[in-house]
1. Can you tell me which residue is surrounded by the most Cβ atoms within 10 Å (Cβ to Cβ) among those in region 172-196 that are modelled with pLDDT under 95 and hydroxyl-bearing (Ser, Thr, Tyr)?
2. For Arg329, state whether it is closer than 16 Å to Ser52 by Cβ, in a helix (DSSP H, G or I) and in contact with an Asp or Glu (Cβ under 8 Å, 6 or more places away or on another chain).
3. So which residues in region 277-298 are in a helix (DSSP H, G or I) and of a type outside the set (Gly, Ala, Ser), if there are any at all?
4. Name the residue that is nearest to the chain's Cα centre (by Cα), counting only residues in region 308-326 that are in a helix (DSSP H, G or I) and of a type in the set (A, V, I, L, M, F, W, C).
5. Among residues belonging to region 215-264 that are part of a loop (DSSP other than H, G, I, E, B) and over 22 Å from Asp44 (Cβ atoms), point out the one that is farthest from the chain's Cα centre (by Cα).
6. Only one of (1) surrounded by 19 or more Cβ atoms within 10 Å (Cβ to Cβ); (2) within 19 Å of Pro204 (Cβ to Cβ) fails for Gly96. Which number is that?
7. Select, from Gly243, Gly224, the only residue that is at pLDDT 95 or above, at positive phi and not hydroxyl-bearing (Ser, Thr, Tyr).
8. Let me confirm something: among Arg112, Arg134, Arg130, Arg63, which residue is closer than 30 Å to Gln308 by Cβ and of a type in the set (Lys, Arg)?
Amino acid sequence: MTRQATRLSAQPARYSAADRGVAGGEHRRERCEVVQGSAGTLPDEAVFAVGSLLRTVQQVHDRLWQELVPDGFTSPQFAVLHRLRMRPGIDQRTLGEALSLDKATVAELVARMEQAGLVARERTVADARRNALRLTGEGQTAFTYLAPWVAQVQLRLTTDLRPEETGRLLHLLRTVAGVAPGAWTSTASGAVLVGLPADPAHIPGHLIRAAQQRHTRYWADAVGIRLTSPQYGVLYRLAREPGIDQTTLAEQVALAKAPAGEIVKRLIARGEVRREPDPHDGRRKLLTVTDEGLRVLYEVMPAVLDVQRRLTQDLTDDERAELLALLHRMSAA
């Protein structure tokens with residue numbers, strides 16, 4: 001497996017532009033509390049918790065993937081192997097829809113895997129303009145080799161949930177992500193997977209990523225490039241807890257140290273966050289949101305609330321609370 005893995009891991013698969021970072025339709029009325037402080041009135045953080053926890057659980061999934069899945073294969077790369085194992089002969093557009101990836105990203109991903117000898121494309125008899133995608137012999141071997149490890153990732157991700165709770169989680173995530181069970185049934189003969197469902201609608205990691213991608217698309221539609229979701233989380237946390245250090249901030253917003261540092265650096269450059277020495281510890285720097293940061297925070301807040309409402313508009317209040325509780329437990333996996 002090392003030759004393919006080296007070629008692929010040299011250029012890790014990336015997600016669409018929306019994933020690096022909504023309004024419309026009727027929404028149920030959101031019940032939220034507010035807090036009063038130096039920053040004024042802020043919605044309770046539970047209002048934003050679904051989007052935030054989806055990102056956190058996605059990070060847990062990524063960490064488990066790196067720990068358990070060998071040879072540097074990424075989750076999107078395995079997803080290609082999985083979909084083509086289940087439905088050999090589909091075209092690139094159908095594959096992209098199954099992966100929730102944009103046209104350019106899936107084209108780059110397929111091209112890289114074709115170069116690595118894992119995927120082959122051929123013109124179809126019915127339409128000479130259409131390329132059918134299939135796994136090569138090496139691709140089949142890679143899939144068989146990786147599937148048990150990927151199954152372990154899913155088990156570890158839901159290790160704190162009882163079987164019936166995992167079933168509820170899958171149902172709620174499918175609702176949020178807009179994924180229908182049974183929409184991706186296998187057409188391959190003898191496609192038997194040990195511990196890994198053939199239908200991605202029953203794979204927790206796939207549903208987490210699909211829901212997270214929907215959240216980031218909604219965010220891009222409603223908020224745009226003015227403020228990313230992690231940047232908003234930093235401003236919101238500093239408005240709630242002014243004067244904390246960067247390590248505490250990173251823990252509060254569930255970001256790794258390096259990404260949190262980059263966000264803080266950018267917000268300081270824009271004049272939205274201020275960093276000052278701790279009067280009691282000269283080695284420690286304290287972070288505070290500025291008046292400009294507060295202005296931006298309140299400016300985008302209506303759009304941010306619309307993102308959260310749209311994301312959970314098909315859940316009842318009880319279902320939303322249930323999903324929050326399950327995601328919170330998974331975030332500690």
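1. Going through the qualifying residues, I end up with Ser186.
2. yes
3. Initial filter on region 277-298 (in a helix (DSSP H, G or I)): 291-298.
Hits for region 277-298 are Asp291, Glu292, Leu294, Arg295, Val296, Leu297, Tyr298.
4. Looking only at region 308-326, we keep the residues that are in a helix (DSSP H, G or I), and these are 308-311, 317-326.
With the extra rule that they be of a type in the set (A, V, I, L, M, F, W, C), the set shrinks to 311, 321, 323-326.
Working: Leu311: 13, Ala321: 20, Leu323: 16, Leu324: 16, Ala325: 18, Leu326: 16 Å.
That would be Leu311.
5. Arg226
6. (2) is the only condition that Gly96 fails.
7. Only one candidate passes the filter, namely Gly243.
8. Every option except Arg63 fails the conditions.
The values are calculated or read from the model by the stated rules, or taken from the named source; none is laboratory data. Since the structure is predicted, the reported quantities are computational estimates derived from the model, not experimental observations. Cβ coordinates were reconstructed from backbone atoms using ideal geometry, including for glycine residues, and neighbour counts include every protein chain displayed.
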